[in-house]
1. Which of the residues spanning the stretch 72-114 are closer than 17 Å to Leu51 by Cα, touching a residue at least 40 places away in the same chain (Cβ under 8 Å) and either more than 13 Å from the chain's Cα centre (by Cα) or in a helix (DSSP H, G or I) (or both)?
2. All but one of (1) surrounded by fewer than 22 Cβ atoms within 10 Å (Cβ to Cβ); (2) within 24 Å of Pro130 (Cβ to Cβ); (3) touching a Cys at 6+ places or on another chain (Cβ under 9 Å) hold for Ile85, so report the exception by its number.
3. What's the total number of residues in the stretch 1-32 that are among the aliphatic types (A, V, I, L, M) and not in a helix (DSSP H, G or I)?
4. Would you be able to tell me the number of residues in the stretch 33-54 that are out of contact with any strand residue (DSSP E or B) (no Cβ under 8 Å at 6 or more places or on another chain), small (Gly, Ala, Ser) and assigned to a loop (DSSP other than H, G, I, E, B)?
Amino acid sequence: MVGGNLSSYDYVLIPGGNRIADLMNNHGFPDWITVRRDRSVVAAVCGGALLAGATGILRGRRATTHPNLKPFLTKFAQEVTGERIVDEGTVITAGGVTAAIDLGLYVCEKIAGRGIRGKIQVQMDYPYYPFP
């Protein structure tokens, strides 16, 4: 297994994918995702929200994931919503696969501000994320 953990990172992004269940059941992997809960921001999209849940960081929080995975997310989160992005401070979750684009823009805005996010969004030719 990978050595150390991710506690020195400010942002940890957890993607989804077809092998999420394997990673959740790998006894060392969820521990490797250990972060400083007072400082690190964890952003997870689609099935990655389940992996984030396996680390325990969704306890007592609202979260979202791919619509087909919502029944499984209830095991880890206090409330599972249908929102595209759920921001719970240091934990941000996003819905299905295409929500990854929205999550990326959302995190860019959190880090660099609305103006920079807007420039990235225009360059991407992505009109679907809320403007301005």
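The values are calculated or read from the model by the stated rules, or taken from the named source; none is laboratory data. This one's a predicted model, so the numbers in the text were calculated from it and none came from an experiment. Here the Cβ positions follow ideal geometry from the backbone for every residue, glycine too, while neighbour counts run over all protein chains shown.
1. Answer for the stretch 72-114, where residues must be closer than 17 Å to Leu51 by Cα, touching a residue at least 40 places away in the same chain (Cβ under 8 Å) and either more than 13 Å from the chain's Cα centre (by Cα) or in a helix (DSSP H, G or I) (or both): Ala99, Ala100, Leu103.
2. Every condition holds for Ile85 apart from (3).
3. Selection size over the stretch 1-32: 6.
4. Total meeting the criteria: 1.
Each row is one residue, and each column tells you yes or no for (1) among the basic types (Lys, Arg); (2) at pLDDT 85 or above; (3) surrounded by 16 or more Cβ atoms within 10 Å (Cβ to Cβ); (4) farther than 16 Å from His66 by Cα.
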residue	(1), (2), (3), (4)
Gly16	no, yes, yes, no
Arg19	yes, yes, no, no
Phe29	no, no, yes, yes
Val35	no, no, yes, yes
Leu51	no, yes, yes, no
